[in-house]
Amino acid sequence: MNTKINFAGIEMKNPVTVASGTFGYGREYSNFFDLGKLGAVITKGTSLKPKSGNKPPRVCETASGMLNSIGLQNPGVEYFAQNDLPFLRKFNTKVIVNACGSTIDEYVELCKILNTLDIDGVELNLSCPNVKAGCMAFGSSYDGVKTVTKEVRKVLDKPLIVKLTPNVSDIASIAKGAEDGGADAVSLINTLLAMKIDIYKRKPVLANNTGGLSGPAIKPVAVRMVYQVSQAVKIPIMGLGGIMTGEDAIEFMLAGAKAVSIGAGNFADPYVSLKVIEGIEEYMKKCNVDNIEDIVGKVEMN
Amino acid sequence: MPIQTYAKLIKKEEIIKDVFKFSVKAEEMVKTAKPGNFIEIRVSNQSEPFLRRPISIFNMNREEGILEFIFQVKGNGTKILSKKQVGDEIDILGPLGNGTFKFEKYNTVAIIGGGIGIFPLYELAKEAKEQGKRVNTYLGFRNKDLVMLEKEFEEVSDKLVITTDDGSYAEKGFAIDFLKKDFEDSSDIENSCIYACGPLPMLKAVQKYALENNINCQISLEEKMGCGLGVCLGCAVKKASSPKDNPEYFHVCKGGPVFNAKDVEI
Ligand SMILES: Cc1cc2nc3c(=O)[nH]c(=O)nc-3n(C[C@H](O)[C@H](O)[C@H](O)COP(=O)(O)OP(=O)(O)OC[C@H]3O[C@@H](n4cnc5c(N)ncnc54)[C@H](O)[C@@H]3O)c2cc1C
Ligand SMILES: Cc1cc2nc3c(=O)[nH]c(=O)nc-3n(C[C@H](O)[C@H](O)[C@H](O)COP(=O)(O)O)c2cc1C
C-alpha cells in the first residue's frame, strides 16, 4: 500500500496536511503527536510585518462549524524564520508557509524572503475574508489572481500553491487565473463569508460583524468546488473544508484533490489528522487501492 | 503539558438548579494542573456541537487522581454534558492555560467571586490555605436560590463573606464592598493579593479598585474560544499597554485565563 504523493513537486509521505491558521506553527500540537506523521504542515498566514489581528470576539460556534475573524494575527516573517521554522524543521514533515499581504508589492517582498528560507513551498493566501485590503480582494477575479500569482512567480522558485476563496460565483475561472499566472497548484476552499446574530443584543456576535465559516458544515460546498476546479485546470489541487475523517478525505480525492488539509477539525480533536491518515489506509485496504494517487479524480458523474 | 483523555465520570451532583458538579478520574491531568487552569470538554463525538466547552477546574484530589468541575447549563453544549451518567467517559483536554493563580509570595489571599465565576477560586483557596496563607473569601450571588458551595469555601477560608444583591440570604450588597472595607483596615496591603473571577461588571470594579489603590490583583477572564491551546488566536483580550488605534492582544487560553489586573483592558 502506497500513500506517498508528489504534490506540485513536494514529496509527501501521505496526502494529509494541516490547514493554515488551525495548527499555528506546530508547537502546540507537537505535544500530542509526532508532526513527522503528517504529509505537511501549513503554517498560520504569515505577513511581511507582524499583525495584531481583529477585535474580540473573534470566534463563535455555528451549526457543525464555526466562524472566525482572527484578522491574520501573526508575528511576521522575520520572527517566523528565526523562531518557528527551526522548530518545525526538527520534524520529518514538509513545511509550507501560508503567505499573505495587502498589496502586490508586499506579496512580492514577502515571497522574496520566503524564497531564501529552508521551506518546501508557499501557499499564497488570496482568500482571507477577514482583512480589509488584499487577500480576498485579489482572490475574487481571474485577473486579480493571475496578476498576483505572476508577480510572485517571478521571485519564487519554490512550489507555489494559490489558495482560493469560495466567495466567488465562478471558482473554476479563478483557479484558471492561478494556473495561467504560473502556480504549481491550487488549494481550496478558504472560509465562506458568513454572519451570526445575537438575537437578544440584536448585534452580530463577532466584533468584525462577519467572519469565515469552516468545519463540517462547509464540506459539501468544498467538494463541489474541488470537482469544478479539477475540470478546469491541470495543476494539482489541495482539497479542504470540514474534513474530520478518512472518508471525508477520500471524498475530496475522488472529486479531484491530490492532497487534503484539515482545519478546524483540529480544534475538536487534536488527533484528528492522524485519524484521517488511518481512515485513508483503511479505505485503501477495504477497496483494494494500492496507490493513493489512483483514486484522485475518479468520481464517475451520473 | 495538556493531554486529551477520556475521563470516567464517578460522581455527579446537581448542587443548585441547573448547576452540576462532576467528579472524574483523570490521574495524569491532576498531576500537573494548577489552580486557575481549565479544561475543554468535547460533549459529543459528532460534529454537533462542534467546539469544545471551556470549564474551570474546581477541585483536585491528586492522591486519588480525581478532578472536579462545576458547570451551569447554559445552552446546548452544557445541556448535553449534564445528561452524562456516572460511568460514562468524558472527552477532556487539559490542563489548559499558562496564566494561573500565583500566591506563593503573599501572606493574605483575598478571594472575590460572583455567581458561576466562583468555581476556579476553590482550588486556589484550598492550596493557599494548605500553605498557611490567610484566606479571606467574598462571594456574591444575586439571591438566596443561587447561593452555593458555602460549606466548601468555609472549610478553606479564614473568613468567608457571602452576599446577595437583594439581601435574601446573608449580607445584603455587593461582595466588593466587604472586601474594600477589610482592605481599608488592613496594615499589610503589600503582602496581600486580590483574586477575582465572575461577571464582567464585578471584574471591572475589582480591577479599578485594585489599580487605584495599588493593590496586587489577579483576575480570571472568559472569552469565546476555538482551540483552547493558543493555536487559533480566537480568545483575544487587549493588552493594557497597547494603544487604542493599534491594539495588541493576549489570548485567554494561552496567556490566561488568569492575568495580572494591570496587564489587561477588559
Ligand atoms: C476559561 C473559561 C473557564 C470557564 N469555566 C466555567 C466553569 O467552571 N463553569 C461554567 O459553568 N462555565 C464556565 N465557563 C463558561 C462556559 O464555557 C460556557 O458557559 C459554555 O461554553 C456554554 O456552552 P453551551 O453550549 O451550554 O452554551 P452556548 O451559548 O450554546 O454556547 C455557544 C458557544 O459559545 C461559547 N460560550 C458560551 N458562553 C461562553 C463563555 N462564557 N465563555 C466562553 N465561551 C462561551 C460556547 O463554548 C460555545 O462555543 C468558562 C469559560 C471560560 C472561557
Ligand atoms: C481560526 C482559523 C484561522 C484561519 N487562518 C487562516 C490563515 O491564516 N490563512 C489561510 O489561508 N486560511 C486560514 N484559515 C482557513 C483554513 O485554513 C481553511 O481553509 C478553512 O477553515 C476550511 O477548512 P476547515 O473546514 O477544515 O476548517 C483559518 C481558519 C480558521 C478556522
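The values are calculated or read from the model by the stated rules, or taken from the named source; none is laboratory data. Just so it is clear, the model here is predicted, and its values are computed rather than measured. Positions of Cβ are generated from backbone atoms using ideal geometry, with glycine treated the same way; all protein chains shown enter the neighbour counts. Note: areas computed on protein heavy atoms with side chains; ligands, DNA, RNA excluded. Shrake-Rupley method; radii C 1.70, N 1.55, O 1.52, S 1.80 Å.
For chain A, the carbon plus sulfur part of the accessible surface works out to 49%, probe radius 1.4 Å.
Nearest 100 Å², what total accessible surface is buried between chain A and chain B (probe 1.4 Å)?
Result for this pair: about 2600 Å² buried.
Looking at chain B, the accessible area is 44 square angstrom per residue; that uses a 1.4 Å probe and ignores ligands, DNA and RNA.
Per atom type, chain B shows carbon and sulfur on 47% of its accessible surface, probed at 1.4 Å. Backbone N atoms of the stretch A:94-122 closer than 13 Å to the 7 Å Cα→Cβ label point of A:V155 belong to residues A:100-117.
The residues of chain A have, on average, 39 Å² of accessible surface per residue, using a 1.4 Å probe with all protein chains present. Assuming a ≥ b ≥ c are the square roots of the Cα gyration tensor eigenvalues, decide whether chain A counts as rounded (a/c under 1.5), prolate (otherwise, with a/b larger than b/c) or oblate. In terms of gyration-tensor shape, rounded.
Longest exposed-loop-site-free stretch of chain A, with trypsin sites (Lys or Arg not before Pro), DSSP loop and at most 14 other Cβ within 10 Å?
Working: sites that count: A:K4, A:R89, A:K90, A:K132, A:K201, A:R202, A:K234, A:K298.
Answer from the scan: A:5-88.
Per residue of A:62-73, other chain Cβ atoms within 10 Å of the residue Cβ number 4 on average. Between B:Q218 and B:I194, B:Y195, B:A196, B:A261, the built amide H atoms are under 5 Å apart, and every one of these is 5 or more places off in sequence or on another chain. Computed 3J(HN,Hα) for the stretch A:54-66, one whole-Hz value per residue from the Karplus formula 6.51 cos²θ - 1.76 cosθ + 1.60 where θ = phi - 60°, is 8, 5, x, x, 10, 9, 7, 8, 9, 4, 6, x, 8, glycine and proline marked x.
Considering only alpha-carbon pairs that sit under 8 angstrom and 6 or more positions apart, the relative contact order computed for the stretch B:3-96 is 42 percent. In percent, rounded to a whole number, the relative contact order of chain B is 18, using alpha-carbon pairs under 8 Å and six or more apart.
Give me the net charge of B:Q72's neighbourhood, meaning all other residues with Cβ under 10 Å from the Cβ of B:Q72; Lys, Arg count +1, Asp, Glu -1. Spell out each step's value before the answer.
Values: positive: B:K17, B:K74; negative: B:D18.
In short, +1.
Residue by residue through B:218-231, how many Cβ atoms from other chains fall within 10 Å of the Cβ on average?
Details: counts 0, 0, 0, 0, 0, 4, 10, 6, 15, 11, 3, 9, 3, 14.
Neighbouring Cβ atoms belonging to other protein chains average 5 per residue here.
The accessible-area ordering, largest first, of the residues A:E251, B:E155 stands as B:E155, A:E251, per a 1.4 angstrom probe. How big is the charge dipole of the protein assembly as shown about its Cα centre, in debye rounded to the nearest 20, if each Lys and Arg gets +1 on its Cβ and each Asp and Glu gets -1 on its Cβ? That gives a dipole near 720 debye.
Computed FRET efficiency, Cβ-Cβ of B:N246 and B:K31, R0 60 Å: what is it to the nearest 0.05? All intermediate terms of the calculation are to be shown ahead of the outcome.
On the way: r = 41 Å, r/R0 = 0.69.
About 0.90, to the nearest 0.05.
When all protein chains stay in place, what accessible area (Å², nearest 10, 1.4 Å probe) is found for A:Y271? Number for this one is 60 Å². Each label was represented as a point 7 Å from its Cα along the Cα-to-Cβ direction; for A:F33 and A:E11 these points are 2.3 nm apart.
Please compute the contact order of the stretch A:179-267 in relative form: average sequence separation of alpha-carbon pairs under 8 Å and at least six residues apart, divided by the residue count, as a percent.
Details: 152 pairs, mean separation 26.6, N = 89.
RCO, the stretch A:179-267: 30 percent.
Compute accessible area for the stretch A:257-285 by itself and then with all protein chains, 1.4 Å probe, and report residues whose area falls by 50 Å² or more. In the stretch A:257-285, residues shielded by partner chains: A:F267, A:A268.
Within the straight-line cut-off of under 21 Å between alpha carbons, the lysines reachable from A:K51 are A:K112, A:K132, A:K163, B:K224, B:K238, B:K239, B:K244, B:K254, sequence neighbours fewer than 8 places apart in one chain being disregarded.
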